[in-house]
Amino acid sequence: MSGVIVAADTMSPAALISYVQRLEALGYDSVWIPDMFGREIYVTAGHLLSNTASIRVATGIAHVYGRDAIATAQAARTLSELSDGRFILGLGISHPPAAELRGLTWEPPIDKIRNYLSEVRTAIAGGLLHTPANPPPIPIYLAAHGPKMMQVAADLADGANTYMQPAEHTHAARATLGPTKQLSVVLPCVLTTDADAARAAGRRALHIYLPLPAYHRQWRTFGFDESDWVGRASDRLVDAHVAWGNAEEIQRRINEHLDAGATQVQLSVNRADKQATEPPWDLLEALAPT
């Protein structure tokens, strides 16, 4: 399986629909949309599902401080029913600012997500919620990096979603998840053999994560330290987390994650040319399943 993650908030409605329809025509299995501070993520997912025929649409990820568990289950049931099962529910704990901006108290992450997922599972299965017909099964993916969060994914989700992690992390994640769970890995990619241009694009992709302690903890596990993320991302941090080069070199990096246990790699495609306005279709076409 092959998916693409897209910053939907940065596109006009017409451009977003055109983009996802073209991904569908290229044979991509799924498109994942982040939960930012622009469009409402479930409304956007519904719009994409209503304008496509086969591609699956996933929240990648909807953070749990944005909506209570019943609201999330209600949205998931509705989207799954109306799309004949093409909706994927991706959830994550996010970071403290997501709670603080809503006037909520940040809770211990593992306890919070365990309780939330249990409530979502119960609500989706029935309970207070009902639709005219029972929806098709709704895959639930949990954004997980550390071993404790990955264990929650193993216990309560259908799979895990990882981001900005090396293939060594994918191998460890598979060991925790066991052989039957899904493992979706997001891999930033830049199609260029110009090292300076590739690393500049990689830094643009990495920069919003550099101040976040959750990523620092993971990066330290794989031999990085403050010198790699204070100020700007080091070359070695970029090279470890961003696949760049020609199509064959990027495919090799994708295969590293597949060989390590990923069931799907989500492409996070980046433009080598900062001034370019069109999506990097050369990269998307070169790596397309069809």
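The values are calculated or read from the model by the stated rules, or taken from the named source; none is laboratory data. Being a predicted model, the structure only gives us computed values, none of them experimental. FYI the Cβ positions are ideal-geometry reconstructions off the backbone, even for glycines, and counts take in every protein chain you see.
A quick yes/no check of all residues on (1) assigned to a loop (DSSP other than H, G, I, E, B); (2) under 25 Å from His216 (Cα atoms):
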{"site": "Trp244", "(1), (2)": "no, yes"}
{"site": "Gln251", "(1), (2)": "no, no"}
{"site": "Leu258", "(1), (2)": "no, yes"}
{"site": "Val265", "(1), (2)": "no, yes"}
{"site": "Ser268", "(1), (2)": "no, yes"}
{"site": "Ala272", "(1), (2)": "yes, no"}
{"site": "Thr277", "(1), (2)": "yes, no"}
{"site": "Ala288", "(1), (2)": "yes, no"}
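When region 86-101 is examined, which residues are found to be assigned to a loop (DSSP other than H, G, I, E, B) and buried (at least 18 other Cβ atoms within 10 Å of the Cβ)? Walk me through it before giving the result.
Initial filter on region 86-101 (assigned to a loop (DSSP other than H, G, I, E, B)): 86, 93-95, 101.
Hits for region 86-101 are Arg86, Ile93, Ser94, His95.
In the set (1) without any contact (Cβ under 8 Å) to a residue 24 or more places away in the chain; (2) touching a Gly at 6+ places or on another chain (Cβ under 8 Å), Asp225 fails one condition alone, (2).
Comparison of Leu23, Leu16 shows that the only residue that is surrounded by 20 or more Cβ atoms within 10 Å (Cβ to Cβ), hydrophobic (A, V, I, L, M, F, W, C), under 20 Å from Leu287 (Cβ atoms) and out of contact with any Gly (no Cβ under 8 Å at 6 or more places or on another chain) is Leu23. Scanning region 1-24 for residues that are touching a residue at least 24 places away in the same chain (Cβ under 8 Å) and hydrophobic (A, V, I, L, M, F, W, C) gives Met1, Val4, Ile5, Val6, Ala7, Ala8, Leu16, Ile17, Val20, Leu23. Residues in region 15-48 that are part of a loop (DSSP other than H, G, I, E, B) and not aliphatic (A, V, I, L, M): Gly27, Tyr28, Asp29, Pro34, Asp35, Phe37, Gly38, Arg39, Glu40. What residue, among those in region 62-85 that are out of contact with any Pro (no Cβ under 7 Å at 6 or more places or on another chain) and assigned to a loop (DSSP other than H, G, I, E, B), is surrounded by the fewest Cβ atoms within 10 Å (Cβ to Cβ)? Only one residue fits best here, namely Asp68.
For beta carbons closer than 6 Å, sequence separation of 6+ or different chains, a first residue in region 43-54 that is at pLDDT 95 or above and a second that is among the aromatic types (Phe, Trp, Tyr), there are no qualifying pairs.
With respect to the conditions (1) buried (at least 19 other Cβ atoms within 10 Å of the Cβ); (2) closer than 21 Å to Gln182 by Cα, Leu48 falls short on a single one, namely (2). The requirement of being loosely packed, with under 12 Cβ neighbours inside 10 Å and under 21 Å from Gly146 (Cα atoms) is fulfilled nowhere in region 268-284; no residue meets it.
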